[in-house]
Amino acid sequence: MVDSFNTRKTLLMRAKDPNDQLAWSEFTNYYSGFIDMLLYKMTIPNQVHDDLKQEVLLKIWKALEQYQPLPNTKFRSWLGGVIRHSILDYMRSYRNREQREITTDF
């Protein structure tokens, strides 16, 4: 019998390889709902969800290579932090773009 924790741990180790496209696809499918949930909880406007999700996935992909599990720390805690920081960075940039567009319209 295979333990689902080990399976996910194996997926995580495989997804850290930037050349393993199948693992990355499985990883994004598995954690897509988690990203959606955080977007919803952070009350992000629906019109930016798709773009923001792509930005979040890109940051996760880049950060995953350096991920080192810490004792008594769950992967989802680390992942949630990466997602939240990505969302905040994106929203700052989005608001700045909107503000520039408003001021250049006059």
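The values are calculated or read from the model by the stated rules, or taken from the named source; none is laboratory data. Keep in mind it's a predicted model, so treat the numbers as computed, not measured. Heads up, the Cβs are rebuilt from the backbone with ideal geometry, glycines too, and the neighbour counts pull from every protein chain shown. Remember, those area values only see protein heavy atoms, side chains included, never the ligands or the DNA or RNA. Shrake-Rupley method; radii C 1.70, N 1.55, O 1.52, S 1.80 Å.
Of the accessible area of the chain, computed with a 1.4 Å probe over protein heavy atoms only, carbon and sulfur atoms account for 52 percent. Taking the longest Cα principal axis of the chain as reference, the axis of helix 21-41 is set at about 50 degrees. With contributions of -39500 (n - 2.57) from each DSSP H run of at least four residues, the per-residue ellipticity at 222 nm computed over the chain stands at -25500 deg cm²/dmol. Residues in the chain average 72 Å² of solvent-accessible surface per residue, probe 1.4 Å, ligands and nucleic acids excluded.
Students often get this wrong: which residues of the range 35-61 have the backbone nitrogen under 16 Å from the point 7 angstrom along Cα-to-C-beta of Asp89? Only 51-61 fall inside the zone, counting backbone N under 16 Å. Connecting C-alpha atoms closer than 10 Å in a GNM of the chain, tell me which of Ile35, Ile83, Ile44 has the biggest fluctuation. Comparing Ile35, Ile83, Ile44 in a Gaussian network model of the chain, the most mobile one is Ile44.
Please determine, in degrees from 0 to 90 and to the nearest 10, the orientation of helix 75-104 with respect to the longest principal axis defined by the Cα atoms of the chain, where the helix direction is its Cα long axis. That works out to roughly 20 degrees.
Relative to the dominant Cα principal axis of the chain, helix 4-15 is inclined by about 60°.
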